[in-house]
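All remarks here apply to the structure that follows.
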Amino acid sequence: MHKPLVFATNNPHKLSEVRDILGASRPVLSLSDIGCHDDIPETADTLEGNALLKARWVSERFDCDCFADDTGLEVAALDGRPGVLSARYAMANGEGEGHDAAANSALLLRQLEGVTDRRARFRTAIVLIKDGREYQVDGVINGSITTAPHGTDGFGYDPIFMPEGHTQTFAEMSAHEKNTISHRRRATDALLQLLEKI
(Lines give C-alpha, C1' and ligand atoms only; values in the text may rest on other atoms or scores of the structure.)
Protein backbone atom coordinates (compact mmCIF):
# COMPACT_ATOMS: atom_id res chain seq x y z
CA MET A 1 0.00 0.00 0.00
CA HIS A 2 1.30 3.42 -0.97
CA LYS A 3 1.21 6.55 1.17
CA PRO A 4 -2.06 8.44 0.57
CA LEU A 5 -2.07 11.30 -1.91
CA VAL A 6 -4.29 14.32 -1.44
CA PHE A 7 -6.41 15.26 -4.45
CA ALA A 8 -7.02 19.01 -4.24
CA THR A 9 -10.76 18.79 -4.85
CA ASN A 10 -14.06 18.47 -3.05
CA ASN A 11 -15.89 17.66 -6.28
CA PRO A 12 -17.43 14.22 -5.58
CA HIS A 13 -17.66 13.37 -9.31
CA LYS A 14 -13.95 14.00 -9.91
CA LEU A 15 -12.97 12.23 -6.69
CA SER A 16 -15.00 9.15 -7.58
CA GLU A 17 -13.56 9.00 -11.12
CA VAL A 18 -9.95 9.36 -9.95
CA ARG A 19 -10.33 6.84 -7.11
CA ASP A 20 -11.87 4.38 -9.55
CA ILE A 21 -8.96 4.82 -11.97
CA LEU A 22 -6.11 4.73 -9.44
CA GLY A 23 -7.55 1.78 -7.54
CA ALA A 24 -7.29 0.72 -3.91
CA SER A 25 -3.49 0.43 -3.92
CA ARG A 26 -3.19 4.21 -4.40
CA PRO A 27 -5.35 5.73 -1.65
CA VAL A 28 -6.61 9.23 -2.42
CA LEU A 29 -7.80 11.76 0.16
CA SER A 30 -10.05 14.72 -0.64
CA LEU A 31 -9.64 18.23 0.75
CA SER A 32 -12.39 17.60 3.29
CA ASP A 33 -10.57 14.43 4.41
CA ILE A 34 -7.62 16.60 5.52
CA GLY A 35 -9.80 19.39 6.93
CA CYS A 36 -9.16 21.85 4.11
CA HIS A 37 -12.25 23.99 3.49
CA ASP A 38 -10.44 26.91 1.86
CA ASP A 39 -11.74 28.59 -1.27
CA ILE A 40 -8.57 27.98 -3.29
CA PRO A 41 -8.07 30.67 -5.94
CA GLU A 42 -8.09 29.62 -9.58
CA THR A 43 -6.86 32.83 -11.16
CA ALA A 44 -4.38 31.54 -13.76
CA ASP A 45 -5.07 31.92 -17.47
CA THR A 46 -4.23 28.29 -18.32
CA LEU A 47 -5.41 24.90 -17.09
CA GLU A 48 -1.86 24.02 -16.04
CA GLY A 49 -1.57 27.30 -14.13
CA ASN A 50 -4.75 26.65 -12.15
CA ALA A 51 -3.72 23.09 -11.32
CA LEU A 52 -0.36 24.38 -10.10
CA LEU A 53 -1.98 27.07 -7.93
CA LYS A 54 -4.22 24.50 -6.24
CA ALA A 55 -1.49 21.91 -5.73
CA ARG A 56 0.92 24.46 -4.24
CA TRP A 57 -1.81 25.89 -1.97
CA VAL A 58 -2.53 22.49 -0.43
CA SER A 59 1.06 21.25 -0.35
CA GLU A 60 2.34 24.38 1.40
CA ARG A 61 -0.45 24.63 3.98
CA PHE A 62 -0.86 20.94 4.81
CA ASP A 63 2.67 19.67 4.20
CA CYS A 64 1.54 16.72 2.10
CA ASP A 65 2.05 15.08 -1.28
CA CYS A 66 -0.85 16.15 -3.44
CA PHE A 67 -2.11 16.64 -6.94
CA ALA A 68 -4.62 19.00 -8.50
CA ASP A 69 -6.31 19.14 -11.84
CA ASP A 70 -8.07 21.60 -14.05
CA THR A 71 -10.20 20.61 -16.99
CA GLY A 72 -11.43 22.63 -19.92
CA LEU A 73 -13.62 22.10 -22.95
CA GLU A 74 -11.88 23.57 -25.99
CA VAL A 75 -14.13 24.22 -29.01
CA ALA A 76 -12.46 24.69 -32.39
CA ALA A 77 -15.00 27.16 -33.81
CA LEU A 78 -14.68 29.32 -30.67
CA ASP A 79 -10.86 29.51 -30.85
CA GLY A 80 -10.48 27.10 -27.93
CA ARG A 81 -13.11 28.68 -25.68
CA PRO A 82 -14.47 28.10 -23.08
CA GLY A 83 -11.11 26.55 -22.10
CA VAL A 84 -9.89 27.69 -18.70
CA LEU A 85 -13.26 29.40 -18.12
CA SER A 86 -15.27 26.20 -18.72
CA ALA A 87 -16.71 25.88 -15.20
CA ARG A 88 -17.67 29.57 -15.05
CA TYR A 89 -18.35 30.23 -18.73
CA ALA A 90 -21.87 31.62 -18.42
CA MET A 91 -20.93 33.81 -15.46
CA ALA A 92 -17.87 35.11 -17.35
CA ASN A 93 -20.27 36.14 -20.13
CA GLY A 94 -22.70 37.88 -17.77
CA GLU A 95 -25.12 34.94 -17.46
CA GLY A 96 -25.83 32.61 -14.54
CA GLU A 97 -23.96 32.52 -11.25
CA GLY A 98 -20.93 30.52 -10.18
CA HIS A 99 -20.52 27.02 -11.59
CA ASP A 100 -23.85 26.70 -13.44
CA ALA A 101 -23.50 23.69 -15.75
CA ALA A 102 -26.89 24.15 -17.43
CA ALA A 103 -26.25 27.83 -18.16
CA ASN A 104 -22.75 27.03 -19.46
CA SER A 105 -24.06 24.40 -21.88
CA ALA A 106 -26.97 26.57 -23.01
CA LEU A 107 -24.63 29.48 -23.80
CA LEU A 108 -22.27 27.21 -25.74
CA LEU A 109 -25.11 25.74 -27.80
CA ARG A 110 -26.37 29.25 -28.63
CA GLN A 111 -22.89 30.31 -29.72
CA LEU A 112 -22.70 27.30 -32.04
CA GLU A 113 -26.14 27.74 -33.62
CA GLY A 114 -25.74 27.31 -37.39
CA VAL A 115 -22.06 26.37 -37.04
CA THR A 116 -21.12 23.21 -38.93
CA ASP A 117 -17.63 22.78 -37.44
CA ARG A 118 -18.51 21.35 -34.03
CA ARG A 119 -15.12 19.80 -33.23
CA ALA A 120 -14.13 20.03 -29.59
CA ARG A 121 -11.86 18.39 -27.10
CA PHE A 122 -11.82 17.94 -23.34
CA ARG A 123 -8.39 18.45 -21.80
CA THR A 124 -7.33 17.74 -18.21
CA ALA A 125 -4.06 19.03 -16.80
CA ILE A 126 -2.76 17.47 -13.58
CA VAL A 127 0.04 18.87 -11.43
CA LEU A 128 1.60 16.57 -8.83
CA ILE A 129 3.74 17.78 -5.95
CA LYS A 130 5.58 14.87 -4.38
CA ASP A 131 8.53 15.10 -2.01
CA GLY A 132 8.72 18.81 -2.81
CA ARG A 133 9.06 18.33 -6.58
CA GLU A 134 6.51 19.43 -9.18
CA TYR A 135 5.39 17.34 -12.16
CA GLN A 136 2.75 17.89 -14.84
CA VAL A 137 0.80 15.50 -17.09
CA ASP A 138 -2.33 15.89 -19.18
CA GLY A 139 -4.99 13.93 -21.00
CA VAL A 140 -7.10 14.79 -24.06
CA ILE A 141 -10.16 13.31 -25.73
CA ASN A 142 -11.40 14.63 -29.06
CA GLY A 143 -15.04 14.77 -30.02
CA SER A 144 -17.81 17.13 -31.06
CA ILE A 145 -20.57 19.27 -29.59
CA THR A 146 -24.09 17.98 -30.21
CA THR A 147 -26.91 20.34 -31.20
CA ALA A 148 -28.91 19.56 -28.03
CA PRO A 149 -28.28 17.87 -24.67
CA HIS A 150 -28.57 14.06 -24.52
CA GLY A 151 -28.44 11.90 -21.39
CA THR A 152 -28.68 12.57 -17.68
CA ASP A 153 -25.52 11.03 -16.22
CA GLY A 154 -22.17 12.73 -15.80
CA PHE A 155 -21.77 16.43 -15.08
CA GLY A 156 -20.70 19.70 -16.67
CA TYR A 157 -20.77 19.61 -20.46
CA ASP A 158 -21.20 15.80 -20.59
CA PRO A 159 -24.74 15.99 -22.13
CA ILE A 160 -23.46 17.92 -25.17
CA PHE A 161 -20.06 16.27 -25.76
CA MET A 162 -19.85 13.20 -27.98
CA PRO A 163 -16.41 11.58 -28.00
CA GLU A 164 -14.87 10.69 -31.34
CA GLY A 165 -15.77 7.20 -32.54
CA HIS A 166 -18.86 6.97 -30.32
CA THR A 167 -22.58 7.52 -30.87
CA GLN A 168 -23.44 8.57 -27.32
CA THR A 169 -22.58 11.65 -25.31
CA PHE A 170 -20.66 11.26 -22.06
CA ALA A 171 -23.98 11.78 -20.24
CA GLU A 172 -25.54 8.80 -22.03
CA MET A 173 -22.69 6.49 -21.00
CA SER A 174 -22.36 4.66 -17.71
CA ALA A 175 -19.74 6.04 -15.33
CA HIS A 176 -17.60 2.99 -16.09
CA GLU A 177 -17.82 3.53 -19.87
CA LYS A 178 -16.90 7.19 -19.53
CA ASN A 179 -14.05 6.46 -17.11
CA THR A 180 -12.56 4.02 -19.62
CA ILE A 181 -12.03 6.69 -22.30
CA SER A 182 -12.28 10.13 -20.70
CA HIS A 183 -9.74 12.94 -20.65
CA ARG A 184 -9.50 12.55 -16.87
CA ARG A 185 -8.86 8.83 -17.37
CA ARG A 186 -6.03 9.60 -19.76
CA ALA A 187 -4.53 12.24 -17.47
CA THR A 188 -4.88 9.97 -14.43
CA ASP A 189 -3.29 7.06 -16.33
CA ALA A 190 -0.38 9.39 -17.12
CA LEU A 191 -0.24 10.34 -13.41
CA LEU A 192 -0.15 6.66 -12.43
CA GLN A 193 2.70 6.01 -14.88
CA LEU A 194 4.55 9.00 -13.44
CA LEU A 195 4.02 7.78 -9.86
CA GLU A 196 5.45 4.39 -10.78
CA LYS A 197 8.62 6.06 -12.13
CA ILE A 198 9.41 8.51 -9.33
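The values are calculated or read from the model by the stated rules, or taken from the named source; none is laboratory data. Just so you know, these numbers come straight off a predicted model, no measurement behind them. Note: ideal-geometry Cβ built from the backbone for every residue, glycine included; neighbour counts use all protein chains shown. Keep in mind that these areas ignore ligands, DNA and RNA; they rest on the heavy atoms of the full protein, side chains included. Shrake-Rupley method; radii C 1.70, N 1.55, O 1.52, S 1.80 Å.
Tally up the carbon and sulfur contribution to the accessible surface of region 47-170 as a whole percent, 1.4 Å probe, everything protein left in place.
Within region 47-170, the accessible surface is 47 percent carbon and sulfur.
Probe of 1.4 angstrom, ligands and nucleic acids ignored: what's the accessible area per residue over region 1-118, in square angstrom?
Spelled out: the 1.4 Å probe surface of region 1-118, per residue, equals 49 Å².
Please list the non-local residues whose amide H lies under 5 Å from the amide H of Ala44, H modeled 1.01 Å from N, same-chain partners needing a gap of 5 or more.
Asn50
So if we plug the beta-carbon distance of Ile198 and Leu85 into 1/(1 + (r/R0)^6) with R0 = 25 Å, what FRET efficiency do we get, rounded to 0.05?
0.20
Report relative contact order for the chain in percent, whole number only (criteria: Cα-Cα under 8 Å, sequence separation at least 6).
On the way: 373 pairs, mean separation 35.6, N = 198.
For the chain, the relative contact order is 18 percent.
5 Å is the cut-off here: which amide hydrogens, built 1.01 Å from N in the peptide plane, fall below it relative to Leu29, excluding neighbours closer than 5 in sequence?
Amide H neighbours of Leu29: Leu5, Val6, Phe7.
Taking the solvent-accessible surface of protein heavy atoms with a 1.4 Å probe, what is the per residue accessible area of region 148-198 in Å²?
Spelled out: the 1.4 Å probe surface of region 148-198, per residue, equals 50 Å².
Can you work out the Karplus-derived ³J(HN,Hα) for every residue in region 25-42? Use 6.51 cos²θ - 1.76 cosθ + 1.60 with θ = phi - 60°, whole Hz, and x for glycine or proline.
With coefficients 6.51, -1.76 and 1.60, one gets 6, 10, x, 10, 9, 8, 4, 5, 4, 9, x, 9, 10, 6, 8, 6, x, 10 Hz.
Summing -39500 (n - 2.57) over the DSSP H runs of n ≥ 4 in the chain and dividing by its residue number, what mean residue ellipticity at 222 nm do you reach, to the nearest 500 deg cm²/dmol? Please list the in-between numbers first.
Numbers: 6 runs with 64 residues, N = 198.
Dividing the helical sum by the residues of the chain leaves -9500 deg cm²/dmol.
Could you give the C-alpha radius of gyration of the chain expressed as a fraction of 2.2 N^0.38 Å, taking N as the number of residues it contains?
My calculation over the Cα atoms of the chain gives 1.01.
Full extension from Thr46 to His166: what is 0.36 nm times the residue separation minus their Cα-Cα distance, to one decimal in nm?
Taking Thr46 through His166 to full extension adds about 40.3 nm, to one decimal.
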